[in-house]
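The values are calculated or read from the model by the stated rules, or taken from the named source; none is laboratory data. Quick caveat: nothing in here was measured; it's all calculated off a predicted structure. Here the Cβ positions follow ideal geometry from the backbone for every residue, glycine too, while neighbour counts run over all protein chains shown. For the accessible areas, the whole protein counts, side chains as well, though only heavy atoms, and no ligand, DNA or RNA atoms are used. Shrake-Rupley method; radii C 1.70, N 1.55, O 1.52, S 1.80 Å.
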Amino acid sequence: MTHEFDHKANVEDLMRHACDFQADATIAREETKEKYRKSEPDAHNTFRITLDGLIARTIQQLANKIDTPTEKISWQISLAISFVRTHFIINDMIMYGDLIEAFTLIRKNFESVTRLHEIDDKPLLKLLKKTPNVINIFKEGGKQLYPTLSEIAHFGTPSVGELLTVNSHDDGRVGPSLHPAFNVDALGCYDRHAYVSIYFVFWLIQFLKSVYGEKYDHDKDEKTFFIMTGIAEDSGIIQRKE
C-alpha cells in the first residue's frame, strides 16, 4: 500500500530540523567562545586586542583621498580591505571552534599578503590569473606554514578531522563533534593567524606612507607595531630569529 507524499508537511519538518540544528550550533559556539577566552593567556589577549585595534586604525586611513591612484594601488586597496574583513571573520571562527574553516581562510589571507608584495615588485600582466607564490615571498616561513594550511583546506589527511574535536560517548562510540566544541588547537590556529596578520600590518603601514606621504602620521602606528611584535615574541606567538 502506497501513501501520498505530503510535501508541505515534509518542508515544515525540514525547516524544524534546520532551525533546531542552527539553534544548537549557536549555543555550542557561545560555550566554545567562553572556554576559549578562559584558556587564552593574558599575553595572547593583550596581543589580540592590540593587533585588532591597529588593523582597524590603519585601514581606516584608506577613507582619505589618494592623489594619484594607479591600477596597482586600486588592486592593493581592494586586497587590503578584503584581508581586513577576513581577519575579523577568522577571529570569530577560532573562538567559536570552527578551526578547519579558520585555517582555510588563513590560507586565503596568506595568499593575499603575498599578492600585495608581488604587486609592489612585478608588472601586473605577470600576476593576472596566477596563484600567489607564497614560498617565493616568505621563504622559510612560507615553506613551513603554507603546506599545513593547504593540507587542512583540502582535508588532505584523516588527521585534519581532529580539528573538529573528537568526542567519546557513553556507549563507546568515538567520533567528531557535530557542533563546534573547544579544542586546544585553537590557540595554535590563532598563532598562525597572527603570523600572517603581522606581516599584513607591516605592509599596510609602508603602503600608507608611500601613497599619503606626510599626510599620514605614521609615528604612532609604527611604535604600536613594534610594541605588539615584542609582545608576540615574548608570548611565543612568533619566534625570534637567532
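Worth a mention:
- Of everything in the range 63-84 that is closer than 24 Å to Phe225 by Cβ and of a type in the set (Gly, Ala, Ser), the residue that is least open to solvent (accessible area, probe 1.4 Å) is Ala80.
- Taking the range 1-55 as the range and being of a type in the set (Lys, Arg) and free of Cβ contacts under 8 Å to residues at least 24 places away in the same chain as the test, the residues that pass are Lys8, Arg16, Lys38.
- Every residue from the range 176-217 that is within 18 Å of Gly142 (Cβ to Cβ) and aromatic (Phe, Trp, Tyr): Tyr195, Tyr199, Phe200, Phe202, Trp203
Residue-wise test of (1) β-branched (Val, Ile, Thr); (2) open to solvent by less than 80 Å² (accessible area, probe 1.4 Å).
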position	(1), (2)
Phe21	no, no
Phe47	no, yes
Ile55	yes, yes
Gln61	no, yes
Thr86	yes, yes
Tyr96	no, yes
Leu99	no, yes
Ile106	yes, yes
Val113	yes, yes
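- Filtered by the rule that a residue be open to solvent by 40 Å² or more (accessible area, probe 1.4 Å) and farther than 23 Å from Ser82 by Cα, the range 188-230 gives Glu214, Lys215, Asp217, Asp219, Lys220, Lys223, Phe226, Ile227.
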